[in-house]
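Undergrad: First the structure, then my questions, so here it is.
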Amino acid sequence: MSVPVTILCGELGAGKTTLLSGLLESADRDIAVLVNDVGEVNVDADLVEARTDLETGDEVVALENGCICCSLGGDLSRAVIQLWKEAEFDHLVVEASGVGEPEPIAQQFVRGPAGGPYDLAAVVTVVDARRFYDRFADADGTPVRQGPDETGTRPIADLLLEQVEFCDLLVVNKCDLVDEAERDRVVALLEALQPGAEIVTTEHGAVDLETLLDGDYFDFSAARESAGWKQAIESDADDHDETDEHGHDEEHAHGHEHGEDHEHDDDPDHGGEHDHEHPPERYGIEVESYHRRRPFHPDRFASLLRSLPDGLVRAKGLTWIAGREKQAITTSFAGTETTLEVTGRWIASFSEERQETFRQGQPDLSWGEEWGDRENRLALIGRNLEWDALESRLDDCLLTDSEMEDDWDSYENPAPTAMGETVTISGAERTTEGDRE
Ligand SMILES: Nc1nc2c(ncn2[C@@H]2O[C@H](COP(=O)(O)OP(=O)(O)OP(=O)(O)O)[C@@H](O)[C@H]2O)c(=O)[nH]1
């Protein structure tokens, strides 16, 4: 029998350890806890230790009450397999570090060797209601720059939203620090960002044992597709016969990711349960999509990213930037900052023969006569957005007819070139002197 696993995510200080301690106190089964912390001092392990009488060892230690902690640096799969061999327990909880991405952790339990002894039951993200409101949901507040994560390459806000977007249970904690209206707005925004997750609101991490541990089998493929931004893109590609004002596109097939997900989806019906409906436009929260088969001018697009409207919370999708004819660039905006990352290559930039092969493998691929799969396809989630104005600002970033005849390589271009390379453009710097690129 495989052991069910719950992955616990959430930003630093959101309340993961508090929730975990409560869980261990009330648990009716043996729970092993693995803290996948970063940094030299394993603070969470110390805290859990204080609460549960943990004894630490060099490698992996099983304890009387089932609380187990691994030392840092070891490979997660190796650690959990060793744990499974050495200890007996009914459920494993992996507490991801506050800056951890949930998907790679989840992946180890689904596709990695840990998928044998373990069964991924749930990915739970704890949200600090107060901070989430101040960062993303406060329509009147000035957006605050979050700065990079500790690798220095990625804005924190982007990571936070990714944790929200890849989970099946959202625990909105610290509700004592927000009023009812603020709490409701946080919930409405979370629903828009992750329509596929169950949402519970709480204080001091008090969540039913059953809600936390007795979730159904986690559907990895569905989780990948369930983020609000992905659904907006998919529904746009599926439902709307949108007219391309620039006349480059007559085809409207399936939205397609290029290399962003390096893995192959096992389940062709992924996300099928989640209706391609926009969430109710409560609290002025809207989900919109933008699709054009014409490249953005690199400089105008970068300027737009420096001055996006305050109400925009999330924007994500593939962008085609003039001068980068091979690179499919994922644009990801969260909070105040936008990361541009080369996540793949446009199929249209390969030889005809290879294009044919790729296209046979992806019959749903949206393909325009002139530019193939090159396109700008973005989802935008925000509150009180003046969508028409934003859409026309995006259109103004597209190359004009005469610019289409230019030598695009002669443009100044901040966009990344190599696979995996990222460039971050900060909207919070828009009021400061001087540009960064
Ligand atoms: N007011 C309030 N404080 C809370 C609540 N939940 C947790 N806290 C406090 O918030 C602080 C951070 O909580 P932790 O449980 O350590 O958060 P964490 O997510 O484990 O933090 P890291 O280990 O840094 O990632 C602690 O001082 C908790 O006592 C809550 O619902 N309301």
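Taken together, the values in this text are just the output of simple stated rules run on the coordinates, not laboratory data. These numbers come from a predicted model, not from an experiment. Every residue, glycine among them, receives a Cβ derived from its backbone with ideal geometry; neighbour counts consider all protein chains shown.
Undergrad: Taking residue 174 as the anchor, which lysines have their alpha carbon closer than 25 Å to its alpha carbon, excluding any fewer than eight residues away along the same chain?
TA: Output for residue 174: 16.
Undergrad: While we're here: I need the peptides 389-397, 351-359, 335-343 ranked by packing, meaning the mean over residues of other C-beta atoms within 10 angstrom, with the highest value on top.
TA: Output ranking for 389-397, 351-359, 335-343: 335-343, 389-397, 351-359.
Undergrad: With a 10 Å Cβ neighbour count serving as the proxy for reagent exposure, in which order, fewest first, do 402, 77 appear?
TA: Least crowded to most crowded, the residues run 402, 77.
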